[in-house]
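Peer 1: I have a structure here, written as structure tokens, and I will follow up with some questions on it.
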Amino acid sequence: MNTNRLRWFLLFLLVSAVFQLLGQQTEADRKLLAGVCAKAQKGDAQSQYELGSAFDDGSLGVAEDEAEAVKWYRKAAEQNDALAQNKLAGCYYKGEGVAVDSRGNVYIAAGQVHVYNPAGKLIDTIAVPERPLQLVFGGADHQTLFVPARTSLYSVRTRYPGR
């Protein structure tokens, strides 16, 4: 009985060590990420796609962040990058709702509702009690953002009407 416990304990330690190593950012990852970020900020569509992929799957030592992934995929997709357009469509399909207001601000449902200005800068985060599934502008003046979730429907008044 003690031998079995020891084996399980050692297996647990080994698996924990492997996951810890996988989560660490290597020096090569840091350098590659810095180069990709610099090019992406300058508008390089391929680098924007690569940065979106890194945030999508947690590679290059960055944490998974759906909102950041969608933001970078969108920037590359707007430059007709076919891979980014495909990935962005996949994000929409997974329930990553996106809505745009009349000023070009982009609302992304990714855990909360993140709002980016047309330059791609995060300008607001709208907290909702549960994970949003989609985003839709509506109401008589289209200034109500409807946020359906798994068990409820939430609504928020916005400054600008939706497109």
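Please treat every number below as a calculation from the coordinates, not as lab data. If you're wondering where the values come from, they're calculated on a predicted model, not measured in any experiment. Using ideal geometry, Cβ is built from the backbone for each residue, glycine included, and neighbour counts are taken over all protein chains shown.
Peer 1: Taking θ as phi - 60°, what are the ³J(HN,Hα) couplings along segment 48-55 by the Karplus curve (6.51, -1.76, 1.60), each to the nearest whole Hz, with x for Gly and Pro?
Peer 2: 5, 4, 4, 5, x, 5, 4, 6
Peer 1: Whole-Hz ³J(HN,Hα) for each residue in segment 58-68, computed from phi via Karplus 6.51 cos²θ - 1.76 cosθ + 1.60 with θ = phi - 60°, x for glycine and proline: what do you get?
Peer 2: Result, rounded to whole Hz: x, 8, 6, x, 9, 6, 4, 8, 4, 5, 5.
Peer 1: What FRET efficiency comes out for the pair LEU133/ALA89, r = Cβ-Cβ distance, R0 = 22 Å, nearest 0.05?
Peer 2: Values: r = 16 Å, r/R0 = 0.75.
Result of the calculation: an efficiency of 0.85.
Peer 1: Quick one: which residues, 5 or more positions from VAL136 or on another chain, have an amide H under 5 Å from its amide H? H modelled 1.01 Å from N in the peptide plane, none for Pro or chain starts.
Peer 2: Correct list: PHE146.
Peer 1: Let me ask something additional. Taking θ as phi - 60°, what are the ³J(HN,Hα) couplings along segment 132-143 by the Karplus curve (6.51, -1.76, 1.60), each to the nearest whole Hz, with x for Gly and Pro?
Peer 2: x, 9, 7, 9, 9, 7, x, x, 4, 9, 6, 9
Peer 1: Related question: Could you work out how much longer the chain between ASP29 and ARG5 gets when fully extended? Use 0.36 nm per residue separation minus the Cα distance between them, nm to one decimal.
Peer 2: Details: separation 24, 0.36 × 24 = 8.64 nm, distance 3.74 nm.
Roughly 4.9 nm would be gained on extension.
Peer 1: For segment 38-95, what relative contact order do you get, as a whole percent, if you take Cα pairs closer than 8 Å and at least 6 residues apart? It would help to have the intermediate numbers written out before the result.
Peer 2: Numbers: 70 pairs, mean separation 16.4, N = 58.
Here the relative contact order equals 28 percent.
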